[in-house]
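Reviewing the structure listed below.
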Amino acid sequence: MSFMQALRRRWQQADTLVCVGLDPEPAKFPAAFAADADAVFAFNRDIVDATAQYACAFKPQIAHFAALRAEDALTRLIAHIHANHPDVPVILDSKRGDIGSTAQHYVGEAFERYRADAVTVNPYLGRDSVQPFLDRADRGVVILCRTSNPGAGDLQDLDVGGRPLYQLVAEKVARDWNEHGNCALVVGATWPEQLREVRAIVGDVPFLVPGVGAQGGDAGAVVSNAKSADGTGLMISSSRAILYASNGTDYAEAAANAARELRDEINRHR
Ligand SMILES: O=c1ccn([C@@H]2O[C@H](COP(=O)(O)O)[C@@H](O)[C@H]2O)c(=O)[nH]1
């Protein structure tokens, strides 16, 4: 089953648009993990098992693992998700982008080494840099469009022939790059108006929407402005607000509660 098929099936069967972000920061782990040499894997595994029922996708962010020299933990975590929660697809958030010959190796990194179902990609080197990802029709290619950070507009809003650059990215992805139907777009929850504009341009292309929770985006506004025609179309991603809902012994239960509350808030606006 392709990433897009798995995502659509998950949206329908689990009735959730929540993407659980996996961004390990050992300083925020509960005290019990201090003596655990495998803490990065163990903490994330517990979070995954506690929140899977509320998740339409998991999104590990690669830098959080690589900076800790925990690539092996990331490999085992994704294998754990596939083995124990096979209906929940995994998006590797690595924001890759390079000339085609190197991009081919980033494809291998995401899909062969880590066995992710989808990967985030930076489009600013142009189509040939994204083509090796696009060619993998079974995998998702989640392309940066209008990111959630405060400086997103510095470049993404630059005027190109009377329109902001991010709108041209959206149009190009939806009309040219999505031949296999395997593209999605990153649009931040912190930009409700831009979410509405991009949805109007791209039809039902799925959005990965980071920026609720710790970054302060309004989940209700995201849904109202950017849901697709059938009330889905969104992977609304939260990392810190779920992962670190508690640093006590109830960390897994608190994470599950945070994910469930986000799911319920989202569903109230669908
Ligand atoms: O525009 C973007 C693209 C990616 N991210 C990533 O999402 C999470 C957000 O974490 P929170 O704790 O929910 O704020 C993180 O991995 C970012 O690298 C983003 O925030 N914005």
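The values are calculated or read from the model by the stated rules, or taken from the named source; none is laboratory data. Here the structure is a predicted model, which means the values were calculated and not measured. Reconstructed Cβ throughout: ideal geometry from the backbone, glycine too, with neighbour counts over all protein chains shown. Ligands, DNA and RNA are excluded from the accessible area calculation, which covers all protein heavy atoms including side chains. Shrake-Rupley method; radii C 1.70, N 1.55, O 1.52, S 1.80 Å.
Quick check on this structure: which one of 189, 200 is loosely packed, with under 14 Cβ neighbours inside 10 Å and aliphatic (A, V, I, L, M)? Walk me through it before giving the result.
Working: 189 fails: loosely packed, with under 14 Cβ neighbours inside 10 Å.
Of the residues listed, the single one that is loosely packed, with under 14 Cβ neighbours inside 10 Å and aliphatic (A, V, I, L, M) is 200.
Go through the residues of segment 179-199 one by one and say whether even a single one is touching a residue at least 60 places away in the same chain (Cβ under 8 Å), under 18 Å from the mean Cα position of the chain (by Cα), under 22 Å from residue 126 (Cβ atoms) and within 16 Å of the ligand (Cβ to nearest atom). Talk me through it step by step, then tell me what you get.
Start the filter on segment 179-199 by keeping residues that are touching a residue at least 60 places away in the same chain (Cβ under 8 Å), which leaves 181-182, 184, 186.
Now restrict to residues that are under 18 Å from the mean Cα position of the chain (by Cα): 181-182, 184, 186.
Narrowing further to those that are under 22 Å from residue 126 (Cβ atoms): 181-182, 184, 186.
Now narrow it down to the ones that are within 16 Å of the ligand (Cβ to nearest atom): 184, 186.
Checked segment 179-199: at least one residue is touching a residue at least 60 places away in the same chain (Cβ under 8 Å), under 18 Å from the mean Cα position of the chain (by Cα), under 22 Å from residue 126 (Cβ atoms) and within 16 Å of the ligand (Cβ to nearest atom).
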query: If you go through segment 248-263 one residue at a time, do you hit one that is among the hydrophobic types (A, V, I, L, M, F, W, C), away from the ligand (no atom under 15 Å from the Cβ) and either more than 21 Å from residue 51 (Cα to Cα) or surrounded by 23 or more Cβ atoms within 10 Å (Cβ to Cβ) (or both)?
result: no
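Determine whether residue 65 is within 30 Å of residue 131 (Cβ to Cβ), open to solvent by less than 10 Å² (accessible area, probe 1.4 Å), within 15 Å of the ligand (Cβ to nearest atom) and in a helix (DSSP H, G or I). Talk me through it step by step, then tell me what you get.
Values: within 30 Å of residue 131 (Cβ to Cβ): yes; open to solvent by less than 10 Å² (accessible area, probe 1.4 Å): yes; within 15 Å of the ligand (Cβ to nearest atom): yes; in a helix (DSSP H, G or I): yes.
Judged against the criteria, residue 65 is a match.
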Sole residue being touching a residue at least 24 places away in the same chain (Cβ under 8 Å) and out of contact with any strand residue (DSSP E or B) (no Cβ under 6 Å at 6 or more places or on another chain), chosen from 216, 162: 216
query: For the subset of segment 203-216 comprising residues that are open to solvent by 20 Å² or more (accessible area, probe 1.4 Å) and under 17 Å from residue 150 (Cβ atoms), which member is farthest from the ligand (Cβ to nearest atom)?
result: 216
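When you go through 240, 260, 199 one by one, which is the residue that is under 20 Å from residue 64 (Cβ atoms) and charged (D, E, K, R)? Let's see the steps before the verdict.
Numbers: 260 fails: under 20 Å from residue 64 (Cβ atoms); 199 fails: under 20 Å from residue 64 (Cβ atoms).
Being under 20 Å from residue 64 (Cβ atoms) and charged (D, E, K, R) holds for just one of 240, 260, 199, which is 240.
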query: Which one is nearest to the ligand (Cβ to nearest atom) among residues in segment 128-164 that are open to solvent by 40 Å² or more (accessible area, probe 1.4 Å) and among the hydrophobic types (A, V, I, L, M, F, W, C)?
result: 155
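So, in segment 95-114, how many residues would count as being open to solvent by 10 Å² or more (accessible area, probe 1.4 Å) and either of a type in the set (Asp, Glu) or under 14 Å from residue 61 (Cα atoms) (or both)?
If we filter segment 95-114 for residues that are open to solvent by 10 Å² or more (accessible area, probe 1.4 Å), which is where we start, we get 95-102, 104-106, 108-109, 112-113.
Right, trim to either of a type in the set (Asp, Glu) or under 14 Å from residue 61 (Cα atoms) (or both) and you get 95-96, 98, 109, 112.
Qualifying residue count for the region: 5.
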- request: Considering each residue of segment 47-95, count those that are under 15 Å from residue 21 (Cβ atoms) and not small (Gly, Ala, Ser), and give that number.
  value: 23
